[in-house]
1. When you go through Y165, Y186 one by one, which is the residue that is in contact with a helix residue (DSSP H, G or I) (Cβ under 9 Å, 6 or more places away or on another chain), at pLDDT 90 or above and over 26 Å from P35 (Cα atoms)?
2. Across region 77-129, what is the number of residues that are assigned to a loop (DSSP other than H, G, I, E, B), without any contact (Cβ under 8 Å) to a residue 24 or more places away in the chain and more than 21 Å from R17 (Cβ to Cβ)?
3. Looking only at residues in region 183-201 that are surrounded by 14 or more Cβ atoms within 10 Å (Cβ to Cβ) and of a type outside the set (V, I, T), which one is farthest from E16 (Cα to Cα)?
4. Restricting to region 130-178, and then to whatever is over 18 Å from the mean Cα position of the chain (by Cα) and not in a helix (DSSP H, G or I), can you tell me which residue is surrounded by the most Cβ atoms within 10 Å (Cβ to Cβ)?
5. A161: of a type in the set (A, V, I, L, M) and under 30 Å from L48 (Cα atoms), yes or no?
6. Would you confirm, using the coordinates I've provided, whether L111 is crowded, with 21+ Cβ neighbours inside 10 Å, over 25 Å from P35 (Cβ atoms) and either of a type outside the set (K, R) or in contact with a Gly (Cβ under 7 Å, 6 or more places away or on another chain) (or both)?
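The values are calculated or read from the model by the stated rules, or taken from the named source; none is laboratory data. Computed from a predicted structure; not experimentally measured. Backbone-built Cβ (ideal geometry, glycine too); neighbour counts: all protein chains shown.
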Amino acid sequence: MIKALFLILTPGPAWERVAETARRPGLILVFYLLPMMLVMAVAEGFGLVHWGVPQMNSGVFKKMSVNEAVVYEAAQSLLMLLVILIGTFLIKLQAETFHSRAGYRQAFTVLAYGLSPLFLIQSLNVFPIPVWLVWSIGALLVISTLYHGVPCVMQTDPTHALGLYFMSSLVILLLTATARFFTAWYLSGHFVSLTDSVSRFAARLPF
């Protein structure tokens, strides 16, 4: 959480420390990414249980049970991990196009730390704020943060740094927007059969 704030407020020095540390992807995942995603999931899950979400074309707020919120947040976390894996591959592929010396570790580092402002802002879903508004704010912060992170971590030639930054930002925006679209549609009640299946599964959980 603190690292995410530094990336937002002082991105230059924060990214330099990230690049100097050069942690392996497994360590970043276990000690940075997963704890932040857990905080986001708990905050958003509380909002779903306490406030609920408006249903399509009705304005009625539907509250989830604790079990349903747990299942939803677990599924959303897995979806975001899939976004990170796909995004890492695409950014590494783009880096090769722009003659970068970066490999998988650098691409994962950029994506994991670059997305942290989005995870931090999504904790605001603890309140009844429109999910697309929260995502939009987070996306703007991600784009701002990546401006310093991509050239610092990816070790890109200055002549190609701007191009790689734009392409990396585009990849991240498209992937996170797609994930947000499906989760927002689910929350608003568009996937009726899936919602019923989740409710039946959640009812069987032993808590």
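1. Values: Y186 fails: over 26 Å from P35 (Cα atoms).
Going through Y165, Y186 in turn, just one is in contact with a helix residue (DSSP H, G or I) (Cβ under 9 Å, 6 or more places away or on another chain), at pLDDT 90 or above and over 26 Å from P35 (Cα atoms): Y165.
2. Residues that pass the stated criteria total 1.
3. Looking only at region 183-201, we keep the residues that are surrounded by 14 or more Cβ atoms within 10 Å (Cβ to Cβ), and these are 183-184, 186-189, 191, 195, 198-199.
Narrowing further to those that are of a type outside the set (V, I, T): 184, 186-189, 191, 199.
Working: A184: 35, Y186: 39, L187: 39, S188: 41, G189: 44, F191: 44, S199: 46 Å.
Result: S199.
4. It comes out as T156.
5. On the way: of a type in the set (A, V, I, L, M): yes; under 30 Å from L48 (Cα atoms): no.
For A161, the condition - of a type in the set (A, V, I, L, M) and under 30 Å from L48 (Cα atoms) - is not met.
6. Values: crowded, with 21+ Cβ neighbours inside 10 Å: yes; over 25 Å from P35 (Cβ atoms): no; either of a type outside the set (K, R) or in contact with a Gly (Cβ under 7 Å, 6 or more places away or on another chain) (or both): yes.
When the stated conditions are applied, L111 does not pass them.
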